[in-house]
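A.B. asks: Structure below; questions to follow.
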Amino acid sequence: MALISSQKKVVQQIISTHLPDDNYDVDKTALLSMAQDILCNEFSALTPDPITDSNVPITELDNEPRKGITERLAFILHKIGCELSCNCSGRGGIKSVTLTLFEKLVRYSWEDKLVLVLSAFAVSYGEFRLVSKPPDTNPLAKYVLQLKPLPEISKLETVISDLLTVVIYVTKTIIGLNGLPSQYISLDKPPYTDYEVSTAVYWAVRGIVTCSSQSISFMNQQNIISIIEAREKMIAVTERLNNIHEKLKTISEEKKIKEGYYRIQYIIRTTQTDNMKILSELIQTKDGKALFNGATKAEASLDVLKSKTVILFISYLDISEEQVKEVDQQVCKPERQYEIVWLPICDDTVTKMETKEIEQTILSKASLMRCHSLHYSVTLQSYAIQYIKKEWLLEKKEAMVVFDAYGKVVNSNAYQMTMVWGSAAYPFHAQREEILWRKWSIERLLIEVVVSEKQKWVEEKRVICLYGGDDLVWIREFIEKTKAVVEREGIFLEFIYVGNKHTEIIKNEKLATEVWEEQKIRQFHARVELIYQSKAQLGMSITGDKTLKQLKALHDAGGDGHGWTIIGQGSHDMAVIMDGYLARESLVHLEEKKVEITNENFISILHGAIKTVKRSLKYQELSDVHQYCNHIFVPTGNMVCADCQLPMEREHIHKIHVVSTKSISQQSGSVAAGMSMEKESMNKIPVGNKKIISQQ
């Protein structure tokens, strides 16, 4: 603790004397490049930073040996070099020399201090290496070496190289940090503190002084430490700097994400001549292989998207193949007027997967769509992923963002619209969706699921009836009454059961032409949910919009096992949607009235019967004898019946739940040991009573 406290005091002392002046700014890029070239050419183990790979051949600088160097800068480099090699201040010790260097550099910024010390060391070490070359290649070196003997460093070359490598990494990271544009820095919460940077600079300079003391310096010649001790000290400093560098890299990555995030935001908010700037910012690649075409299985560049309407289909990598196929079926039709690009998000959730496994997963799913996708070898930048998540994905698992030919976001939440309407939604703005809703009904949209697959039924003008529910009595009664109404009129009915209960009985009793499998049922209910969200997205409320009421009724009826049905014809634009009660009463009405029905007017006649029954229900409501409530919409505040709109009272129920190891038959006779009492949440509406029973 005492050592840590002492080190903090040293850093605070350096900070107190730090008085940067813009007039003392140096060309840090040029100095660092030259310093690194000198050291990389002299230390075989020292390699350029793999991120920047800066290693300019010395021949390129031969004609401009003083490029970027002023007389004042040359003088300060000379003073630093003298302190490193000769300890001119006479204060002795690595810590003392380090503090002396900071005193000489009070007017320079933190990164400039570090670059100057590193450059001065590189110059002094370069001179040392020139002199130490064999005499036959440099005859003058023979006499210089006799007059100025230099230490033997071959046994320490590796540890010196390791230390200098991390010093260079730290230097570049600090330069990158301080290059952050001021508009991206929050005054309340900057990406780093002065103490963090000054600590990193202090230990980097101290590392350079440590290297100097074991290579070019004459300080402590009277008390030369052992090779083992020198190695241990250098390794200790290297480890400390590695830890500092890791922390700086984290800060630097956060800064890059923030900078890239605001860059995307700026591009989107400003007017562009085409869509290439924003697409190039979101999808970055070095070799031009940005896209993969699922239809042709060929690679492509971003140029294929230039000046076109582009839909970015965004999802996580774990999206199911079933969903991918649905997207392809709905929006990837060949005659489309737009381009689609799938962007799979590979974040922390897939870090455990091998790169080859990730690429294979992307390629496999991309091949299922007749559109472009992010090339399986390309990874989105961290800042692009963060922007997509925060601005577009939010809490959703999938999203579709539409750009026009000029890179303007036309719709940032087009998934529901696109999956419901497909290419008919082009150019995908909200006004287009409103127009489509005026032309189409919810019933027609749902019956289209069948029409698209049953063209023969359409040609023969057959009536298609989708139905669901768990009540077998209702199912039999519904089928019987429907057939009774139409059988004398020569109307062809096709029943499709959309449920997963009583399937064998329904098949055996021939209560349906077709019984859907689990996957198709999931797709149907997913489409119901999509249509609901598409409608709700326009700002409609369930209390004031007929379509939302119908969708909610259908959703709730399917969820609690009540009967429901959708009836339509492929050749007609009209269709009807009913819950079990309304379907039964409407069919009873038609049977009692003996209405004349034909294949052409069946749907319209049925629609009229529904209106008649509803008027009758309304009359019962006003007479306070209403008994029809089989689904509810749960708001955050007061609750009303989704059908009659009458307010409901709130009640509470406490139910004893018996937990016993005995058989069920034994449980009914007694409450055994092990019984626990707990509250159980229930949502229930008793017949003839508009009340909510719920847990508190």
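A.B. asks: As a test question: what accessible area, to the nearest 10 Å², does Trp457 have when a 1.4 Å probe is rolled over all protein chains in place?
C.D. replies: Number for this one is 30 Å².
A.B. asks: Here is a follow-up. Residue-wise, which Karplus ³J(HN,Hα) couplings in Hz belong to the range 367-380, taking 6.51 cos²θ - 1.76 cosθ + 1.60, θ = phi - 60°, and x for glycine or proline?
C.D. replies: With the stated coefficients, the range 367-380 comes to 6, 7, 10, 8, 7, 7, 9, 4, 4, 4, 8, 9, 10, 5 Hz.
A.B. asks: Also, quick follow-up: What net charge is computed for the residues neighbouring Trp203, neighbours being all others with C-beta under 12 Å from the C-beta of Trp203, Lys and Arg scored +1, Asp and Glu -1?
C.D. replies: +2
A.B. asks: Please list Cys40, Cys86 from largest to smallest accessible area, probe radius 1.4 Å, with all protein chains kept in place.
C.D. replies: Per-residue accessible area, sorted high to low, gives Cys86, Cys40.
A.B. asks: Still on this structure, I have one more. Past 31 Å, Cα to Cα, is the threshold; run Lys255/Lys277; Lys28/Lys356; Lys306/Lys397; Lys9/Lys172; Lys306/Lys520 against it and keep the listed order. Please list the in-between numbers first.
C.D. replies: Values: Lys255/Lys277 22 Å; Lys28/Lys356 40 Å; Lys306/Lys397 27 Å; Lys9/Lys172 26 Å; Lys306/Lys520 37 Å.
Distance filter (> 31 Å) returns Lys28/Lys356; Lys306/Lys520.
A.B. asks: Can you give the accessible area of Thr70 in Å² (nearest 10), computed on protein heavy atoms with a 1.4 Å probe?
C.D. replies: 80 Å²
A.B. asks: Could you calculate the contour length gain from Thr296 to Glu229, that is, 0.36 nm times the residue separation minus the distance between their Cα atoms, to one decimal place in nm?
C.D. replies: 17.6 nm
A.B. asks: A follow-up question, please. So if R0 is 45 Å, what FRET efficiency would Glu395 and Glu596 give, r being the distance between their Cβ atoms, rounded to the nearest 0.05?
C.D. replies: Using R0 = 45 Å, I get an efficiency of 0.25.
A.B. asks: Largest first, how would Asp287, Asp404, Asp27, Asp22 line up by accessible area (1.4 Å probe)?
C.D. replies: Order by accessible area, largest first: Asp22, Asp287, Asp27, Asp404.
A.B. asks: Would you kindly derive the ³J(HN,Hα) couplings of the range 279-294 from the backbone phi angles with the Karplus curve 6.51 cos²θ - 1.76 cosθ + 1.60 (θ = phi - 60°), listing them in order in whole Hz, with x for Gly and Pro?
C.D. replies: 5, 5, 6, 6, 10, 9, 8, 8, 9, x, 7, 8, 10, 10, 8, x
A.B. asks: Next question. Could you sort 202-208, 268-274, 589-595 so that the peptide with the highest average Cβ count within 10 Å comes first and the rest follow in order?
C.D. replies: Most protected by this proxy first, the peptides run 202-208, 589-595, 268-274.
A.B. asks: Residue by residue, what Karplus-based ³J(HN,Hα) values in Hz, rounded to whole numbers, does the range 18-26 have, using 6.51, -1.76 and 1.60 with θ = phi - 60° and x for Gly and Pro?
C.D. replies: Running phi through 6.51 cos²θ - 1.76 cosθ + 1.60 with θ = phi - 60° gives 7, 10, x, 10, 4, 5, 9, 5, 10 Hz.
A.B. asks: Would you mind calculating the relative contact order of the range 222-381 from Cα pairs under 8 angstrom and at least 6 residues apart, reporting the percent as a whole number?
C.D. replies: For the range 222-381, the relative contact order is 25 percent.
A.B. asks: Can you give the FRET efficiency to the nearest 0.05 for His607 and Asp470, using r as the Cβ-Cβ distance and R₀ = 30 Å?
C.D. replies: Efficiency, rounded to the nearest 0.05: 0.65.
The values are calculated or read from the model by the stated rules, or taken from the named source; none is laboratory data. This structure is a prediction, so every number in the text was calculated from the model and none was measured. Reconstructed Cβ throughout: ideal geometry from the backbone, glycine too, with neighbour counts over all protein chains shown. All accessible areas refer to the heavy atoms of the entire protein, side chains included, with ligands and DNA or RNA removed. Shrake-Rupley method; radii C 1.70, N 1.55, O 1.52, S 1.80 Å.
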